[in-house]
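K.L.:
If you scroll down you'll find the structure; I have some questions about it.
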Amino acid sequence: MMSKYICPYPNIWFQIWMRLYQEAKRKSVDVSEIPMPPVGTGWDLLNDFEKEELWNRTINWAKEHNLYEILPVMTDEEYYRV
């Protein structure tokens with residue numbers, strides 16, 4: 001059975017968020033709407049569907065602000081899967 005990619009693990013996701021935040025600030029893009037990654041207990045409070053939805057919102061935000069190209073290509077080990 002194949003596993004489904006949900007989102008990056010919290011530490012990787014936070015690194016991606018920081019990269020998006022820094023690049024958005026550099027380009028004078030409003031950073032207030034970048035979806036915040038679920039770190040710490042936030043990870044445990046979200047179910048898999050909510051994690052996937054939040055990750056998709058992050059990707060869409062990056063696309064809308066011409067920052068998609070800075071999202072890294074992740075390895076299987078960096079992704080949370082079910």
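K.L.:
What order do you get for 47-55, 68-76, 11-19 when each peptide is scored by the mean count of other beta carbon atoms within 10 Å, highest first?
P.N.:
Working: 47-55: 15.1, 68-76: 10.7, 11-19: 16.7.
So the order, starting with the most tightly packed, is 11-19, 47-55, 68-76.
K.L.:
Follow-up question, since we're still on this one. If you place +1 on the Cβ of every Lys and Arg, -1 on the Cβ of every Asp and Glu, and leave all else neutral, what size is the dipole of region 5-82 about its Cα centre, to the nearest 20 Debye? Each step should come with its number before you reach the end.
P.N.:
Numbers: 8 positive and 13 negative charges, 69 e Å.
The calculation lands at about 340 debye.
K.L.:
Same structure again: Would you kindly calculate the translational diffusion coefficient of the chain, applying Stokes-Einstein with the Kirkwood radius from alpha carbon pairs, for 4 °C and a viscosity of 1.567 mPa s, and quote it in µm² s⁻¹ without decimals? Before the final figure, lay out each step's value.
P.N.:
Numbers: Rh = 13.1 Å.
Using the Kirkwood radius from Cα pairs, D works out to 99 µm²/s.
K.L.:
In whole percent, what relative contact order does the chain give with Cα contacts below 8 Å and a gap of six or more residues?
P.N.:
Relative contact order comes out at 52 percent.
K.L.:
Run the simple label-point estimate for residue 53 and residue 68 please: 7 Å along Cα→C-beta, distance reported in nm.
P.N.:
Once both label points are built, they end up 2.2 nm from each other.
K.L.:
Show the residues, 5+ positions off or on another chain, whose built amide H is closer than 5 Å to the amide H of residue 79.
P.N.:
It is 9, by chain and number.
K.L.:
A further question follows. Could you derive backbone 3J(HN,Hα) for region 65-72 from the dihedral phi with the Karplus parameters 6.51, -1.76 and 1.60 (θ = phi - 60°), listing whole Hz in sequence and x where the residue is Gly or Pro?
P.N.:
10, 6, 10, 4, 5, 8, 5, x
We did not get these values from a lab; they are worked out from the coordinates using the rules stated. The structure presented is a predicted model; accordingly, all values stated were derived computationally and were not measured. FYI the Cβ positions are ideal-geometry reconstructions off the backbone, even for glycines, and counts take in every protein chain you see.
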